[in-house]
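Asker: Dumping the structure here so I can ask a few things about it.
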Amino acid sequence: MTATVLITGAGSGIGLATARAVVARGAQAILWDVSRPALNAARAELGEAARTAVVDVSDAGAVASADLAGVTHLVNNAGILGQKVAWTGLDAEHLKAIFDVNVIGLMLVTQAFAQARMAHPTAAIVNMSSIAGENGGGPGFAAYGASKGAIMALTRAMARDFAPDIRVNALAPGIIDTPIQDTILTAPDARDRVAEGIPMARMGTADEVARAADWLLFDAPYVTGEIIRIAGGRR
Ligand SMILES: NC(=O)c1ccc[n+]([C@@H]2O[C@H](COP(=O)([O-])OP(=O)(O)OC[C@H]3O[C@@H](n4cnc5c(N)ncnc54)[C@H](O)[C@@H]3O)[C@@H](O)[C@H]2O)c1
């Protein structure tokens, strides 16, 4: 039975790499993103196996009216880091903007998926958390860390509530070299300096996270409620 994997935030980075991985194994992919140009490029690369839609996961109306036909698996990957904000500058608006995408968006898409999905022997959800959900996030990124901690709790709740029909796991990437890092790694030698704090002595790649997502989706039939770090040994 053909699997159809909905991937949010699939126009870039880890989401796009996950789309490549699932298409390579013969699945269909539904790519959602807020960037039409990014989706067009992904569609040109992936061909007939991919269909795309501009859907902002934090927009309840857009999620409710989106086409989920045939969907069997879900990767809740869309996420934003937000600007660096010291505690003195942290306000409700900042916190809300990040939680709207990273937490509320994940919840909205999961609800839509649970309603529309077609049964599949390996039915599964993968949520993209972060080691920031455990360590609190880097200085100035407390709201992001809190949102990723919320995803860990939601993953455990979803795994319990959706068992035995749908397995639900989360990935907690460390520092992965994708465009989201451009906000932080602005200095020319920033990538080298970051590598010094990682036991594996380098940043991870989007493909390395995507391979773990693909494994959780299709090759881990007795794994649910787990949070797996993909962080090169960093905590
Ligand atoms: N790169 C890292 O170091 C790292 C580490 C831990 C966790 N993560 C998580 O991995 C996920 C993917 O991040 P990435 O590194 O590939 O970043 P990225 O910025 O390359 O990709 C994120 C994608 O999500 C899309 N997006 C943003 N807001 C959206 C919304 N409201 N609705 C739909 N799509 C939206 C963006 O347009 C972009 O294409 C995020 O949840 C991020 O928090 C990344």
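Asker: What are the residues in the range 204-226 that are touching a strand residue (DSSP E or B) at 6+ places or on another chain (Cβ under 8 Å), within 13 Å of the ligand (Cβ to nearest atom) and small (Gly, Ala, Ser), if any?
Answerer: Scanning the range 204-226 gives Gly204, Ala206, Ala212, Ala213.
Asker: Please enumerate the residues belonging to the range 88-110 that are part of a helix (DSSP H, G or I) and without any contact (Cβ under 8 Å) to a residue 24 or more places away in the chain.
Answerer: Residues of the range 88-110 part of a helix (DSSP H, G or I): 88-89, 92-110.
Residues satisfying the conditions are Thr88, Gly89, Ala92, Glu93, Lys96, Ala97.
Asker: Tell me, please, whether a residue that is free of Cβ contacts under 8 Å to residues at least 60 places away in the same chain, of a type outside the set (Ser, Thr, Tyr), surrounded by fewer than 15 Cβ atoms within 10 Å (Cβ to Cβ) and within 21 Å of Leu74 (Cα to Cα) can be found in the range 148-160.
Answerer: Checking the range 148-160: at least one residue is free of Cβ contacts under 8 Å to residues at least 60 places away in the same chain, of a type outside the set (Ser, Thr, Tyr), surrounded by fewer than 15 Cβ atoms within 10 Å (Cβ to Cβ) and within 21 Å of Leu74 (Cα to Cα).
Asker: Name every residue in the range 46-64 that is of a type outside the set (D, E, K, R), over 13 Å from Ala78 (Cβ atoms) and out of contact with any Asp or Glu (no Cβ under 8 Å at 6 or more places or on another chain), in order of residue number. Give the derivation first.
Answerer: If we filter the range 46-64 for residues that are of a type outside the set (D, E, K, R), which is where we start, we get 46-47, 49-50, 52-55, 57-58, 60-64.
Okay, now just the ones that are also over 13 Å from Ala78 (Cβ atoms), so 46-47, 49-50, 52, 60-61, 64.
Listed by number, the residues that qualify are Leu46, Gly47, Ala49, Ala50, Ala60, Gly61, Ala64.
Asker: Do any strands (runs of 3 or more DSSP E) entirely within the range 116-235 hold 1 or more residues that are of a type in the set (Gly, Ala, Ser), and if so, which?
Answerer: Here the list reads 124-128, 167-173.
Asker: If you don't mind, another one. Please report, ordered by residue number, the strands (runs of 3 or more DSSP E) entirely within the range 1-87 with at least 2 residues that are closer than 18 Å to Asp214 by Cβ and modelled with pLDDT of 95 or more.
Answerer: Numbers: elements: 4-8, 28-33, 50-54, 73-76.
Strands (runs of 3 or more DSSP E) meeting the threshold: 4-8, 28-33, 73-76.
Asker: Follow-up. Could you identify the single residue in Ala201, Ala187, Ala172, Ala195 that is farther than 30 Å from Ser65 by Cβ and either within 11 Å of the ligand (Cβ to nearest atom) or polar (S, T, N, Q) (or both)?
Answerer: On the way: Ala201 fails: either within 11 Å of the ligand (Cβ to nearest atom) or polar (S, T, N, Q) (or both); Ala187 fails: either within 11 Å of the ligand (Cβ to nearest atom) or polar (S, T, N, Q) (or both); Ala195 fails: either within 11 Å of the ligand (Cβ to nearest atom) or polar (S, T, N, Q) (or both).
Of the residues listed, the single one that is farther than 30 Å from Ser65 by Cβ and either within 11 Å of the ligand (Cβ to nearest atom) or polar (S, T, N, Q) (or both) is Ala172.
Asker: So, in the range 27-80, exactly how many residues are more than 12 Å from the ligand (Cβ to nearest atom) and either crowded, with 18+ Cβ neighbours inside 10 Å or free of Cβ contacts under 8 Å to residues at least 40 places away in the same chain (or both)?
Answerer: 22
The values are calculated or read from the model by the stated rules, or taken from the named source; none is laboratory data. On a predicted model such as this, the values are computed, not experimentally measured, just so you know. Don't worry about glycine lacking a Cβ; one is built from the backbone with ideal geometry, like all the others, and counts go over all protein chains shown.
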